[in-house]
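Enquirer: Below is the structure I would like to discuss, written out as structure tokens.
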Amino acid sequence: MVTQSKRPSTYLSKSLFLRGLQCHKSLYLHKYCLDLRDEITDAQEALFQSGIEAGLYAQKLFPNGVEIPFEDVSLSEQVNLTMREIEKGSERLYEAAFRHDDVFVKVDILCKGEQGWEIYEVKASSGVKDVHLDDVALQYYVLTGFGLAVSKACIVHINTDYVRYGEIEVDKLFAIQDLTDVVMEKQGLVEESIKEMKTMLRGDMPLIDIGHHCDDPYPCDFHGHCWQHIPEDSVFKLRGRGPDPYELYRQGIVYLRDIPRHLLSEQQEIQVESFLNKRNIFNKTGVKEFLDSLWYPLYFLDFETTFMVSIPLFDGTRPYQNIPFQYSLHCLEKENENLTHYEYLASPDTDPRRELAEKLLQEIPKNSCVLAYNKSFEARVLNDLKGWFPEYTDKIENIINNLRDLMIPFRKKDVYSWQMEGSYSLKDVLPAIVPQLGYKGMEISDGAMAGNAYLRMRQLEDAAEMDRLRTALLEYCKLDTLGMVKIVEKLRQQCYGALR
């Protein structure tokens, strides 16, 4: 039972306004039922940190500004501090605070130009999105309503073509788009939206069902609450192209078993029928064809890379470019020989790329078969290494040319378990094919978590915490390649009856 606080609160901020544009129910829950909110994921935390870092760098585009403090400072005091700086003649402010119509906003960068004040909203994205326009439009509404003469409203975003060499060149790292005309056109919609949200907040929780808005433009953090009525075997488990699950849901079709089969693609029909009948698929001909494409020595390779880093870490790298810092490599020199394991995890205080590349090239002999899971990722990392170190082009190209993809038999559904629920991700395939192995309970259980752990290590001074994260990273990456080894063993056993 969701209950409302005793006294309605119609106060809005930028984040609350944008939440309300996405879904009134989400805004209501955030205002009155915050305890129902989901936990923040590692991926969301990474995006948040990326935004903070980008904001700090963007301030260098407009140096010598005055920052309005916000930690342990009330909203009213932040507004007062902003006005004092303006009255003193300060022309560049960071995190300037304003309030109008019971709506509070903070402006990333506020500058006094020749024609008036200029708003610069910093985004860690690679371009301008519709939600960014709504963000800046609200700031314009509040600042002009407050009485400030605003002449320009801009978005500052990351230029992903920028390549770092030496110190960060902020004028090249960022691009600025003047959106004043669009923002002014939105003022009527902003005012109307504010009225609608305030009216909603004075009443009962709106009856809004789930829909595409649950993830657009951002994943809602009340997903767990709003989706609790959806069963495990629902239409939202469908994978791949086919009918829109939300359209099926609106028609009253909730369970997989109730979907008219003629609406499903061939791959989806396999998923549904396998799930309903608890049936597995093993196409021996297709699997043999895949296994026969492999040869010895056989290496199982997995990279871990940085995740969502907007500010390039090293020379020769771009914003959001994946930087490899770790790999795991299992090796079978010949059939039925003992398994060998190699691994690399960079020291967090160095550029890992050259050392990683050189160690990897020493460990993989020429013309070896190299098996990856979703080889496009490993190929992309290897191509990046080739670009950074052209002296190793021939050796790296040899590995790329000999890459094989363990995902293939699962993507083609030559091998399929009903427990995979339509997925061919290694995280779903491994526990279904090799039940004794899986990622549940691991401190690091996916690539985003691994990338975030490495970035945390770069900031740590606590040796014990560093060792703990290092151990967790090594265990996770090792499981990825060991899992591939065990999957291939299982496929061979099912095809040939025993390891050959």
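Each reported figure results from applying straightforward, stated rules to the coordinates on display, with no laboratory input. Values in this document were obtained by computation on a predicted structure and should not be read as measured data. Cβ coordinates were reconstructed from backbone atoms using ideal geometry, including for glycine residues, and neighbour counts include every protein chain displayed.
Enquirer: Which pairs break 25 Å Cα to Cα here: K284/K478; K359/K412; K395/K490; K288/K395; K334/K395; K359/K490?
Expert: K284/K478; K359/K412; K395/K490; K288/K395; K359/K490, as the Cα separations exceed 25 Å there.
Enquirer: Rounded, prolate or oblate, given the Cα gyration tensor of segment 118-185, with a/c below 1.5 counting as rounded?
Expert: Prolate shape, in that a/c is at least 1.5 and a/b is the bigger ratio.
Enquirer: Listing D302, D101, D244 from the residue with the fewest other Cβ atoms within 10 Å to the one with the most, what is the order?
Expert: Ranked by crowding around the Cβ, least crowded first: D244, D101, D302.
Enquirer: Compactness ratio of segment 230-279: Cα Rg over 2.2 N^0.38 Å, N = residue count?
Expert: 1.01
Enquirer: Beyond 30 Å between alpha-carbons counts as too far, so tell me which of K172/K198; K152/K172; K25/K440; K375/K440 fall in that bin.
Expert: Cα-Cα > 30 Å for K172/K198; K25/K440; rest within.
Enquirer: Relative to the longest principal Cα axis of the chain, at what angle does helix 130-146 sit, 0 to 90 degrees, rounded to 10?
Expert: Its long axis makes an angle of about 20 degrees.
Enquirer: Tell me the net charge near P352. Cut-off is 14 Å between Cβ atoms, P352 excluded, with +1 for each Lys or Arg and -1 for each Asp or Glu.
Expert: Around P352, the surrounding residues sum to -3.
Enquirer: Among all the aspartates and glutamates, which ones have a C-alpha under 15 Å from K88's C-alpha, if same-chain residues fewer than 8 places away are not counted?
Expert: E67
Enquirer: For E358 and R380 in one chain, what is 0.36 nm times their gap in residues minus the Cα-Cα distance, to one decimal in nm?
Expert: 6.2 nm
Enquirer: Quote to one decimal, in nm, the extra length available between S76 and T350 on full extension: 0.36 nm per residue of separation minus the C-alpha distance between them.
Expert: 94.2 nm
Enquirer: In percent, what relative contact order does segment 1-149 have, based on Cα pairs under 8 Å that are 6 or more apart in sequence?
Expert: Relative CO of segment 1-149 lands at 23 percent.
Enquirer: Let me ask another. Fewest Cβ neighbours within 10 Å first, please rank Y255, Y57 accordingly.
Expert: Fewest-to-most Cβ neighbours within 10 Å comes out as Y255, Y57.
Enquirer: On a 0 to 90° scale, report how tilted helix 353-363 is relative to the longest principal axis of the chain, with both axes built from alpha carbons and the result rounded to the nearest 10.
Expert: 10 degrees
Enquirer: Starting from the Cα of L263, step 7 Å along the direction of its Cβ; do the same at T160; then give the gap between the two resulting points in nm.
Expert: 3.4 nm
Enquirer: For segment 230-279, what's the relative contact order in percent, using C-alpha pairs closer than 8 Å and at least 6 residues apart?
Expert: Relative contact order for segment 230-279 comes out at 38 percent.
Enquirer: Would segment 342-427 count as rounded, prolate or oblate if I go by the C-alpha gyration tensor, calling it rounded below 1.5 in a/c and otherwise prolate when a/b exceeds b/c, oblate otherwise?
Expert: prolate
Enquirer: Helix 375-388: angle to the longest alpha-carbon principal axis of the chain, degrees 0 to 90, nearest 10?
Expert: Value to nearest ten degrees: 70.
Enquirer: Listing L143, L473, L133 from the residue with the fewest other Cβ atoms within 10 Å to the one with the most, what is the order?
Expert: Ascending Cβ contact count within 10 Å gives the list L133, L143, L473.
Enquirer: Pairwise over distinct Cα atoms, reciprocal of the mean inverse distance: report the Kirkwood radius of segment 12-201 in Å, one decimal place.
Expert: After inverting the mean inverse Cα-Cα distance, the result is 17.5 Å.
Enquirer: Just tell me which lysines come within less than 17 Å, Cα to Cα, of K237; anything on the same chain fewer than 8 places away is out.
Expert: K278, K413, K427
Enquirer: Normalised by the residues of the chain, what does the relative contact order come to in percent, with Cα pairs under 8 Å and at least six apart?
Expert: Reported relative contact order: 13 percent.
Enquirer: Let me ask something else. Pulled fully out, how much extra length does the chain show between I281 and L34, if you take 0.36 nm times their separation in residues and subtract their Cα-Cα distance?
Expert: Answer, rounded to one decimal: 84.5 nm.
Enquirer: When a/c is below 1.5 the answer is rounded, else prolate if a/b is larger than b/c, else oblate, so apply that to the chain with a ≥ b ≥ c taken from the square roots of the Cα gyration tensor eigenvalues.
Expert: Judged from the Cα gyration tensor, the chain comes out oblate (a/c at least 1.5, b/c at or above a/b).
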